[in-house]
Amino acid sequence: MRENHSLNRFVPSLLTLPKGSSLGILGSGQLGQMMGRAAQKLGYRVCIYDSVSQGPATHIADEVMVHSFDDQEALNHFASKVDLITIEFEHIPLRALEILAALKPVHPSPRVIEICQNRRLEKEFLHSHGIPLAPFEVITTAQELERALHHLNAPCLLKTATEGYDGKGQIALHPDDDPFLAWDTLKANRAVLEKKIFFLAEASLIMARSSSGDIVSFPWQENVHLQGILHTSATSPPFLGEKKARALGEKILEALEVIGLMTMEFFVLPDGTLLLNELAPRPHNSGHHTLESSLTSQFEQTIRAIAGLSFGSTELKSEAVMVNLLGDLWRDGDPPWEVLLNHPQVHLHLYGKKEAKPGRKMGHFTILGKDRENLLLTAEQLFKQLQPR
Ligand code: AMP
């Protein structure tokens with residue numbers, strides 16, 4: 001019988017990552033910062049690799065490497081320094097992931113990341129596994145866009161296949177809009193045209209899967225986006241569907257054989273139907289509240305999953321509302337933080353980013369309490385008091 005010469009053949013199978021080992025994280029954003037802290041808490045060293053310097057994760061790392069993701073020599077060197085590799089954002093060139101995966105375990109696997117970094121692959125994968133999605137068509141030319149707009153015949157969103165996040169790389173279109181102008185404006189080779197969904201709410205579910213196939217789920221949360229960027233996440237959504245979301249999630253994690261965390265973002269329709277909007281193979285902004293609200297945070301659960309440790313409890317200790325703090329708040333200098341610091345149930349997180357730009361995620365706060373509706377109200381009042389005058 002012929003042997004299967006897969007890239008992973010030379011990688012020893014991972015049981016439990018011994019304490020003192022080095023975790024390599026690709027990317028240096030706030031997710032890497034919070035994951036890195038969780039890894040250090042569990043006794044690991046953290047080495048960050050990114051193509052840009054001074055990201056939030058570099059402030060807490062034991063070691064930092066700043067090199068292009070095309071630099072094979074630097075990638076080899078990084079792999080020689082670490083025992084296990086993960087990502088904090090999914091837009092890492094696939095070639096870099098393959099080089100690293102030939103040398104050290106990479107979780108989630110390059111295949112999972114490849115699918116999740118490309119809307120077209122992601123939607124085709126989900127569709128082929130029977131996961132309900134908004135009606136969509138793959139677009140590669142203005143002519144195809146013209147046909148698809150005509151075919152869907154409804155308000156739509158044109159989204160780039162790669163590199164789009166936080167509402168970037170998206171154009172809202174109506175059936176009678178000029179497809180040629182829209183295609184020129186998008187500046188992409190490949191895109192997805194998706195029917196605009198008139199949803200009741202948005203929700204996200206974060207699940208983790210271990211190398212032995214065990215799956216755990218955090219309770220889901222309701223998310224509100226403003227201009228395509230997450231504004232708030234609140235625990236205990238007032239609508240049904242969590243069980244259905246978990247069943248869909250399990251199907252996805254098993255089909256992808258994920259090792260690590262997977263976040264699923266859903267549109268919840270007025271009749272209770274769930275449509276999956278997007279996958280993220282990592283901790284997610286909507287799960288930041290778990291740092292304070294949950295017995296185990298989403299960041300620690302990621303490290304537990306990829307390092308072969310047992311899972312922590314995902315039980316909520318408290319209801320919570322998380323609010324993102326975007327660079328817009330810094331227009332007239334630092335916001336008046338005492339508004340948040342003086343509140344006994346508020347936890348403020350600032351990521352230490354040098355420059356505050358409109359739309360850039362600079363930090364977040366989480367407010368804890370018993371009553372979800374009160375929390376939402378108080379969170380908005382506090383947020384208002386942070387606005388530049
Ligand atoms: P995305 O980057 O695709 O997750 O989009 C960011 C946000 O834009 C979503 O969370 C929704 O609030 C909104 N959005 C994206 N796609 C659609 C859609 N097909 N219909 C309605 N709203 C959408």
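What's the number of the only condition in (1) surrounded by 17 or more Cβ atoms within 10 Å (Cβ to Cβ); (2) away from the ligand (no atom under 16 Å from the Cβ); (3) of a type in the set (A, V, I, L, M, F, W, C) that Leu240 fails to meet?
It fails just one condition, (1).
Picking from Val216, Val224, which residue would you name as being within 14 Å of the ligand (Cβ to nearest atom), modelled with pLDDT of 95 or more and assigned by TED's automatic domain parsing to the domain that holds Asp371? I'd like the intermediate steps shown before the answer.
On the way: Val216 fails: within 14 Å of the ligand (Cβ to nearest atom).
One residue alone meets the criteria, Val224.
Would you please list the contacts, defined by Cβ atoms under 9 Å and residues six or more apart or on different chains, that run from a residue in the stretch 208-220 that is at positive phi to a residue that is surrounded by fewer than 18 Cβ atoms within 10 Å (Cβ to Cβ) and in a loop (DSSP other than H, G, I, E, B)?
Pairs found: Gly213/Glu257.
Counting only residues that are surrounded by fewer than 20 Cβ atoms within 10 Å (Cβ to Cβ) and of a type in the set (A, V, I, L, M), which one in the stretch 253-275 is farthest from Met35 (Cα to Cα)?
Only one residue fits best here, namely Leu269.
Could you please tell me which pairs satisfy a Cβ distance under 9 Å, a separation of 6+ or placement on different chains, a first residue in the stretch 175-202 that is free of Cβ contacts under 8 Å to residues at least 12 places away in the same chain, and a second residue that is of a type in the set (Val, Ile, Thr)?
Cβ pairs passing all conditions: Lys187/Thr160.
Out of the stretch 274-293, which residues are outside any loop (DSSP other than H, G, I, E, B), more than 16 Å from the ligand (Cβ to nearest atom) and within 18 Å of the chain's Cα centre (by Cα)?
Filtering the stretch 274-293 down to residues outside any loop (DSSP other than H, G, I, E, B) leaves 274-280, 285-287, 290-293.
Remaining after also requiring more than 16 Å from the ligand (Cβ to nearest atom): 290-293.
Thr290, Leu291, listed by residue number.
Could you say whether any residue in the stretch 187-200 is away from the ligand (no atom under 16 Å from the Cβ), out of contact with any Ser or Thr (no Cβ under 9 Å at 6 or more places or on another chain) and polar (S, T, N, Q)?
Within the stretch 187-200, the first condition is being away from the ligand (no atom under 16 Å from the Cβ), and the residues that meet it are 187, 189.
Restricting the remaining residues to those that are out of contact with any Ser or Thr (no Cβ under 9 Å at 6 or more places or on another chain) gives none.
There is no residue in the stretch 187-200 that is away from the ligand (no atom under 16 Å from the Cβ), out of contact with any Ser or Thr (no Cβ under 9 Å at 6 or more places or on another chain) and polar (S, T, N, Q).
Can Gly169 be described as under 17 Å from the mean Cα position of the chain (by Cα) and either more than 30 Å from Leu23 (Cα to Cα) or within 11 Å of the ligand (Cβ to nearest atom) (or both)? Before the answer, list the steps.
On the way: under 17 Å from the mean Cα position of the chain (by Cα): yes; either more than 30 Å from Leu23 (Cα to Cα) or within 11 Å of the ligand (Cβ to nearest atom) (or both): yes.
Yes: the conditions hold for Gly169.
Please note which helices (runs of 4 or more DSSP H) are completely contained in the stretch 61-145 and include at least 2 residues that are at pLDDT 95 or above, buried (at least 19 other Cβ atoms within 10 Å of the Cβ) and of a type in the set (Gly, Ala, Ser). Explain how you work it out, then say what you get.
On the way: elements: 72-81, 94-101, 110-116, 119-128.
Those helices (runs of 4 or more DSSP H) span 94-101.
Here is a yes/no grid of residues against (1) in a helix (DSSP H, G or I); (2) within 12 Å of Leu326 (Cβ to Cβ):
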site: Lys354; (1), (2): no, no
site: Met362; (1), (2): no, yes
site: Ile367; (1), (2): no, no
site: Ala379; (1), (2): yes, no
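Of the conditions (1) β-branched (Val, Ile, Thr); (2) within 23 Å of Ser212 (Cβ to Cβ); (3) assigned to a strand (DSSP E or B), Thr16 clears all except one; give me its number.
(3)
Out of everything in the stretch 108-123 that is away from the ligand (no atom under 13 Å from the Cβ) and hydrophobic (A, V, I, L, M, F, W, C), what residue ends up being farthest from Ala307 (Cα to Cα)?
Result: Leu121.
Testing Thr235 on (1) in the same structural domain as Asn374 (by TED's automatic domain parsing); (2) within 16 Å of the ligand (Cβ to nearest atom); (3) polar (S, T, N, Q), one condition comes back false. Which one is that?
Unmet condition: (2).
Scan Leu230, Leu205 and give me the residue that is within 9 Å of the ligand (Cβ to nearest atom), assigned by TED's automatic domain parsing to the domain that holds Gly312, under 26 Å from Leu121 (Cβ atoms) and surrounded by 21 or more Cβ atoms within 10 Å (Cβ to Cβ).
Details: Leu205 fails: within 9 Å of the ligand (Cβ to nearest atom).
Matching residue, one of Leu230, Leu205: Leu230.
Listed here are the residues, each with its yes/no results for (1) modelled with pLDDT of 95 or more; (2) touching a Phe, Trp or Tyr at 6+ places or on another chain (Cβ under 9 Å); (3) more than 25 Å from His59 (Cβ to Cβ).
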residue: Leu340; (1), (2), (3): yes, yes, no
residue: His349; (1), (2), (3): yes, yes, no
residue: Lys354; (1), (2), (3): no, no, no
residue: Gly363; (1), (2), (3): yes, yes, no
residue: Glu373; (1), (2), (3): yes, no, yes
residue: Glu380; (1), (2), (3): yes, no, yes
residue: Lys384; (1), (2), (3): yes, no, yes
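Write out, first by first residue and then by second, each pair whose Cβ atoms fall under 9 Å of each other, whose residues are 6+ apart or on separate chains, and whose first residue, in the stretch 231-254, is on the phi > 0 side of the Ramachandran plot while the second is of a type in the set (Val, Ile, Thr) and in a loop (DSSP other than H, G, I, E, B).
Gly241/Thr273
The values are calculated or read from the model by the stated rules, or taken from the named source; none is laboratory data. Please read all numbers here as calculations on a predicted model, not as lab measurements. Cβ atoms come from the backbone with ideal geometry, glycine included; neighbour counts cover every protein chain shown.
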